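For reference, the structure is listed below as structure tokens.
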Amino acid sequence: MLDYVTDRVQDESRQGEVFAPGPETARSGKRFYIESYGCQMNFADSEIVASILGAEGYGATRNLDEADLVLINTCSIREKAEQTIRKRLGEFRRVKERNKGMLIGVLGCMAERLKSKFLEEEQLVDIVVGPDAYRSLPALVKEADSGQKAVNVLLSREETYGDIAPVRLDSNGITAFISIMRGCNNMCTFCVVPFTRGRERSRDSASILREARSLYQQGYREVTLLGQNVDSYYYVNEETDEIVTFAVLLEQVALIAPGLRVRFSTSHPKDITDEVLHVMARHENICKYIHLPVQSGSTRILQLMNRTYTREWYRSKVDRIREIIPGCGLSSDIIAGFCTETEEDHQETLEMMRYCGYDMSYMFFYSERPGTLAQRRYRDDVPEETKKRRLLEIVALQNELSLESNRKDIGKIFRVLIEGDSRRSDRDWMGRNSQNKVVVFPKEQLSLRPGDYVNVFIRDCTQATLLGEARA
Ligand code: 5AD
Ligand code: SF4
């Protein structure tokens, strides 16, 4: 039971997705296979890697057996993520036994964390590449081809891959991610990201706007601006001296076309400004949804986590969101059982969840990560059973809150962007409303297509989905 719960809540549905562009692009040349784990940023990075390899004549394949180069884009955020990846590498070993010439490369956060140690621990790995070194991948492949082990895990203060047009992998053709910044300077004590993805840096705003415009021209209707901490986006155009903050960027992307929806993730409660909230309120096409990780509802724990806000401060931020953007969707990340967490602290987290009425949360139990401040400074002293029990309580409460939030939407009409067939039936469409809720409704005789906007009347719901019917 618990495994099921933790699997579902820790890993978004795309974990381990095999990537290939729409029709497979394998030509007569060499082929690569790529599998991605972890956050949306990793999925976006895999699209950059595909572009870099494409320029070298590599085509993508979804079939492991016919790949010359097998890549796995990894996540280090929790121990379980790393275990999943090691297991998968074990499976690759068997394929390599059949296909001796095949090269295996590890990309992403686990590559950065373990560096060349990876080559010693996992004998079958030929290439290890950190998140800032993807441009060197072709050279590393050549090195590995000649029988040497190839590693580049240098982190950079500048690399944003701003000039690389990502190859959209397994895309629905309607929604796409645009990476706007990399790295994180926040140093939350539990988090390995500042060590694996390096210092924060913002991508050239002109290249972001170019990418968004081009996506719109290709028929995409929604872009999600991605960064570990999008609110600290800051770019100075050296030619015009224009200062581009996140609020400015968001507005510029929104102005590309009224038919292009804009989302963003992730916001740090300490950094999201009123200016951003006002820009959201001003533009119909900026989705009314904020992912605002709280992590804990206890001020004492928040301090130990170095989140730099108190519970009261977080609550007043949520009040401000509700005031400026009525009806805004809200979601969170929550960690159960951080070092020294007491039953009272845990109760404060549950209370915070009720106060905020989150529509959705990603919920985890604390997993100590080597090298983080928490690992060096504190004892991981909450017993495993307690962590898991608290997590189950958090999950149960979130389920109630999600259902309650969905029930409130019954009887309302939402503008929905159609993304494709519903997972259950090709007689139903699936789309999302501005608040990021999944809406499913029958296709009926209406001649609608993915990428169309349609008003949907909500007549029922489950905990995860709004069920409705299209209104002309
Ligand atoms: N243990 C558990 N959860 C973690 N997260 C980050 N580091 C850890 C950890 N060591 C969670 C946080 C973060 C999300 C991406 O992952 O909630 O917001
Ligand atoms: Fe990790 Fe905190 Fe940065 Fe998020 S904001 S990536 S949790 S250090």
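Annotations
- For the range 208-275, the relative contact order comes to 42 percent (Cα pairs under 8 Å, sequence separation of at least 6).
- Among beta bridges from DSSP that stay inside the range 180-305, the antiparallel ones total about 45%.
- Relative contact order (%) - criterion: Cα under 8 Å, at least six apart; region: the chain: 10
- On the principal axes of its alpha-carbon atoms, the range 150-193 has extents of 38, 28, 20 Å, going from largest to smallest.
- Put a dot 7 Å past the Cα of ARG210, heading toward its Cβ, do the same for ASP333, and the two dots end up 3.1 nm apart.
- Residue separation of GLU284 and THR310 scaled by 0.36 nm, minus their Cα-Cα distance, works out to 6.2 nm of gained length.
- Of all beta bridges that DSSP places with both ends in the chain, some 40 percent have antiparallel geometry.
- Ranked by how many other beta carbons lie within 10 Å on average, peptides 304-315, 138-149 from highest: 304-315, 138-149
- Cysteines not pairable in the chain (beta carbon separation under 4.7 Å absent): CYS39, CYS75, CYS109, CYS184, CYS287, CYS328, CYS339, CYS356, CYS461
- Cα-based convex hull, the range 55-172, per residue volume (Å³, whole number): 129
- Per residue, the average separation of C-alpha pairs within less than 8 Å and at least 6 apart gives the range 89-200 a relative contact order of 23 percent.
- Here's how it looks for TRP429: its modeled amide H is under 5 Å from those of SER422, PHE441, LYS443, which are all 5 or more places away or on a different chain.
- Least to most buried among SER76, SER179 (fewest other Cβ within 10 Å first): SER179, SER76
- In this structure, LYS443 and ASN237 have a Cβ-Cβ separation that, at R0 = 41 Å, corresponds to a calculated FRET efficiency of about 0.35.
- With N the number of residues in the range 94-142, Rg(Cα) / (2.2 N^0.38 Å) evaluates to 1.15.
- Site pair LYS408 and ARG424 shows an inter-label distance of 2.4 nm when each label is modelled 7 Å from Cα along Cα→Cβ.
- Protection proxy ranking for 378-385, 55-62, using the average of other Cβ atoms within 10 Å per residue and placing the highest first: 55-62, 378-385.
- Its alpha carbons give the chain an Rg and a Dmax of 22.3, 65 Å.
- When shorter helices are ignored and each DSSP H run of at least 4 residues is given -39500 (n - 2.57), the per-residue value for the chain at 222 nm works out to -10500 deg cm²/dmol.
- Under 5 Å from the amide H of THR224 lie the amide H atoms of ALA176, PHE177, ILE178, ARG263, each residue being 5 or more positions distant or on a separate chain, with H modelled from the backbone and absent for Pro and chain starts.
- Extent along principal axes [Cα atoms of the range 160-273; Å; largest to smallest]: 41, 37, 26
- Proxy reagent accessibility, fewest Cβ within 10 Å first, across CYS188, CYS75: CYS188, CYS75
Since every read-out is calculated from the coordinates, none of them should be taken as a lab result. Small disclaimer: the values here were computed from a predicted structure and weren't measured. Every residue, glycine as well, gets a Cβ built from its backbone with ideal geometry; the counts of neighbours run over all protein chains shown.
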